[in-house]
Structures are given as C-alpha cells and as structure tokens.
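As structure tokens, the structure follows; a few thoughts come after it.
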Amino acid sequence: MTTSIKLRQENLSLIPDSVNKPSYNRDEVKTSIVHIGVGNFHRSHEAFLTHRLMEETGDLNYGICGIGLLDHDRRIYNALNLQDGLYTLVIKEMDGTRTAHVVGSIVEFILAPDNPVGAVEKMASPDTKIISMTITEGGYNLLEGTGDFDFTNPVVSEEMMNPQNPKSVFGYLAQSFKLRKERGLGGVTIQSCDNIQNNGNVARKAITSYIARVYPDLIEWVEENVTFPNSMVDRITPVTVEDDITRLAEEYNIEDQWPVVCEPFIQWVVEDHYAVSRPAWEKVGANFVEDVKPYENMKLRLLNAGHSVLGLLGAIHGYDTIDQSADDEVFSSFLRSYMDNEVSPTLGDLKGINLEEYKEKLLSRFRNKNIRDQIARICLQSSAKIPIFILSTVNERLAKGESIDRAAFTVAAWCKYNDGVDEKGRTYKIDDALSNELVRVAAISHNDPTAFLSIKSVFGGLANNDLFVKSFVRALEMIRQFPIKECVKKMIERD
Ligand code: CS2
C-alpha cells in the first residue's frame, strides 16, 4: 500500500504528474490581493484564475492573503494553514472525466478574531491593491425595500460604540481606510464577487454608509481613493463532501483536508475600474467591460433563479441534488418556460450574447451528474436570495403590468418549503437568517396564505400588489392540495 501524500509545499514534488501543480516559486509570490471570505466559490474561481495567471505569465505580483472575519472561518483557516495554503481543485466534466489542480495562489491567511491588528494592517498595507470579497448575498447589511444600511444589526451597533475594535467587514475596512489616509498611502479597489446586482455599487453603499456615521471625515478620502467595480462571477461549486476527499486520496494519493470540486464552466465579467492596478486576469479568461449590468442580470435571473426554482421544487418533491431536479422533465420544462416567458423579456440588449445558447447551456450545466450540487446548498439563505434572483424580475414585470405567474408559483413553493418536510416525509432544516420568521409565517399561511408575504425585509411592498397576491394565493392553494409535480404540470399545461 502506498502512503498518501499530505498536501503541503514540501511534498509538491511527490504529487503525481497527472495532477497540475504550481510550477512557479511560491516563496516569491507577493500578496497584493486580500480576500475576505475564503469559501469554495472563491477557491474555484478567483484563486484558481489567479493561480492560472501565475502559471501562464510568471507574474508573481498578485498573490492572495485570505482573511477570515468570523469564528466560523477557523475551519478553513486551520485546513489551509496545515497545507501551506495549498488545496486541490477537481474540475468535473459532463462526461465524468476529472482534472485535478493543486492551486498555489493563496500564500497567507489571517484569522481576524485571533489577530485583528494583523488583519487591519494587511488591508491597509501599501502592497495591498485589491480587497476582494465573497461575504454572501445577505452580508451587505442593507434593508430590502429602502436599501438603507441596517444600523440596528447587533454586531454593527455594538462595534460602532468601539470602532477601533472592529468585528464586521465594514468595521475592518473603515479601520484600514483610516490608516491609509493617516499614513498618506494610496487607495485600494474593493472587489465584490457576490451574486448581487450591481455588487460593487452595493458594496460602496454599505461601506460608505457605515463610514459616514463612524468617521464622517473619512468619506471624502474614500470617494477619491477607493473604487468598487461591479462584477459577475460564475462557476457552480457545491459543498465539499467526504466522498470528494476519499476519491482524491484513492485516485491521486493526495491527502487534502478540504479540496474543492466544481464544474468546467467559468465566467468572470468585471468593470475595469481599479484604483491602483490589477492582475492581467483577461489572459486567463476574465472579461473586462465598461458595463457589467446586462451580464449580471442574465446570470442572476437565469442561473441563480433557475437554481432556486429547481432547488425549491426538488426539495419539496424529495430530490437531493440539482441534477435530479434538472433531469426531471416536468421541472425542467417549467424552468424553461419561466426563463423564456418571464425572465428573457426583462434582459434587454445583451450585446452579442446568444441567449438561446446561454439557456440551453445552463440547463445542461444543471444536469451535470458529476457535480451533484446539493439542493440544501441552493435553498439555504433563500430569504437573501429570492429578492435578488426572482423578485427583481417580478417587480420589473409588475411595473409594466406583465404576468408573473411562474415566479409567483416559485415563491409559493418557497412558502411550502418552509413547512420543513418533503413529500417522502423526510424533514429538513430551514437554514436561513430568517428561519424562525419564515417557519412562523409559513405555518400561518395554511389558513391565511398572504401571511407569508408579510415579511417586509423580503417582499417589500409586494403584499399590496393585487396581481402578485392573487397569483401567489392561487399557486399556494394548489400546492397545499396536490403533490408539487402535479401542480407544476398544471402550470405547464396552461402555457
Ligand atoms: C447558487 C450559486 O447559491 C446559490 O443559490 O445559485 O451559488 C451558484 O451556484 C453560483 O452563483 C454559480 O456561479
């Protein structure tokens, strides 16, 4: 029996040649990018492309320092620390072939709760040109409806009493900007990579709202020195499961605490507004444009919304993975009809993108059996996702008096999802920042369907829109009475 190779720098030469591994000298890599929120998405995307760039061009000026702000980040911090920042990315093709890459672009990691000063100093360092982040859709702390910063958030309100001891991403950034200004250093680019329309503008709004309260004198400096490019990031990246770790050991003999698996598709469209400089990511496939909005809308309203549709319907029916749901003719026909009839007309001019091809490709990506993307992953934090992925389409269509039946049906399915039990009788956890509220209003909605729409932070004023309410109530009544598949069939028959 061969002994497995623990993934770490000194063992790189032992790793079989069938695995792509860094050929550059990692000791020479400078960290000019700080990334907040090193999760699987970052590791399948920005960190991977940055690694590819080092491979392709030999430019070692843009290494990554990960920063974890939450105690929850301790697990990834420990795993990567043990492995000198190295991890394996396994790309799974549709036909079952797999390629493994040991990624070397993360060369430093700071766990902010253990080393808050180190984290602030790193963000304020003159060497740091870009602070990128994946802090999730809900992480920007803006209130749905008004879009105002939520100063009542307990972490933020406590931190504001003592801003020199930051806890939140806003607090850390404020401290680092303050140091940059005091030290006469240059600015920095804040690069949001989250699935939010206008993610850069949203990041700017959240961060400047916070700073305007805590350090009003700093605002002018931020306006002049910090940029917030919008971007659209795309690569389906499931949660790593035990089997991924075992297969990596079996196939390549690599012992990796926390590998990442993902699909082959990758897309990154970014506005080219950088405060200082940036890596030549275009050399490894990134697309730098003047206006990212059309691409964002397309991705959020088709891919992310498509995920939510397949996820919610599949969860109720009792499927576990997105490919099962996408392979179900009834569910995928419904999704196609939603995309064609309700979403596509809202997308406007997509400047040379073939929308038909995009949608076809999307459905085949969803069907990739090797990815086994978890329905549980898709459905978690739906209260932060549905407004961005689905209600944006709804609001736009309602303003023009256009039908929203399929979207309303999906929202009704989400209501039913919060009952917490599938049609096979299996219970599941509602993993959501608003879980208590969701479960409570979903229970009331058995007698009073509109109760579900009362959550203002999710639905804004939609509870007062007759067209939406009627459509939602009709769908929910049907969903409560018949199995979900029959209901979806009825919806398709009406097309
Ligand atoms: C998913 C996204 O979280 C979700 O609901 O739709 O994580 C999706 O897989 C990525 O945005 C793909 O780029």
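Number of residues in segment 419-455 that are out of contact with any strand residue (DSSP E or B) (no Cβ under 9 Å at 6 or more places or on another chain), surrounded by fewer than 17 Cβ atoms within 10 Å (Cβ to Cβ) and among the aliphatic types (A, V, I, L, M) equals 4. Determine whether VAL169 is more than 12 Å from ILE36 (Cα to Cα), modelled with pLDDT of 95 or more and crowded, with 18+ Cβ neighbours inside 10 Å. So VAL169 does not fit the description; no. Residues of segment 282-301 that are over 24 Å from ASP17 (Cα atoms) and away from the ligand (no atom under 16 Å from the Cβ): GLU282, LYS283, PHE288, VAL289, GLU290, ASP291, LYS293, PRO294.
Suppose we filter GLN191, GLN175, GLN197 for residues that are closer than 27 Å to PRO264 by Cα, at pLDDT 95 or above and outside the structural domain of LEU300 (by TED's automatic domain parsing); which single one remains? Even if it seems obvious, please write down each step before you answer.
Values: GLN175 fails: closer than 27 Å to PRO264 by Cα; GLN197 fails: at pLDDT 95 or above.
It is GLN191.
Quick one: in segment 232-281, of everything that is in a loop (DSSP other than H, G, I, E, B) and within 12 Å of the ligand (Cβ to nearest atom), which residue is nearest to ASN368 (Cα to Cα)?
My answer is GLU263.
Pairs linking a residue in segment 371-383 that is assigned by TED's automatic domain parsing to the domain that holds LYS416 and of a type in the set (Ser, Thr, Tyr) to a residue that is in a helix (DSSP H, G or I) and more than 8 Å from the ligand (Cβ to nearest atom), with Cβ atoms under 7 Å and 6 or more positions apart or on different chains, are SER382/TRP414; SER383/LEU438; SER383/VAL458. Could you please find all residues in segment 458-472 being under 30 Å from the mean Cα position of the chain (by Cα) and touching a residue at least 60 places away in the same chain (Cβ under 8 Å)? Listed by number, the residues that qualify are VAL458, PHE459, GLY460, GLY461, LEU462, ASN465, PHE468, SER471, PHE472. Evaluation of VAL411 against the conditions (1) modelled with pLDDT of 95 or more; (2) over 21 Å from GLN381 (Cα atoms) shows that the sole unmet condition is (2).
With the condition being buried (at least 23 other Cβ atoms within 10 Å of the Cβ), I'd like the helices (runs of 4 or more DSSP H) fully within segment 26-130 carrying at least 3 qualifying residues. Because the criterion is at least 3 residues that are buried (at least 23 other Cβ atoms within 10 Å of the Cβ), the helices (runs of 4 or more DSSP H) in segment 26-130 that meet it are 40-44, 46-57, 116-124.
How about segment 27-74: which of its residues are among the aromatic types (Phe, Trp, Tyr) and farther than 16 Å from GLY285 by Cβ? Walk me through how you get there before you give the answer.
As a first pass, look at segment 27-74 and keep what is among the aromatic types (Phe, Trp, Tyr): 41, 48, 62.
Selection gives PHE41 alone.
Comparison of HIS42, HIS35 shows that the only residue that is touching a Ser or Thr at 6+ places or on another chain (Cβ under 6 Å), at negative phi, within 16 Å of the ligand (Cβ to nearest atom) and assigned by TED's automatic domain parsing to the domain that holds VAL241 is HIS42.
The values are calculated or read from the model by the stated rules, or taken from the named source; none is laboratory data. Every value quoted in this text rests on a predicted model; they were computed, and no experiment measured them. Please note: Cβ atoms are built from the backbone with ideal geometry, for glycine as well, and neighbour counts cover all protein chains shown.
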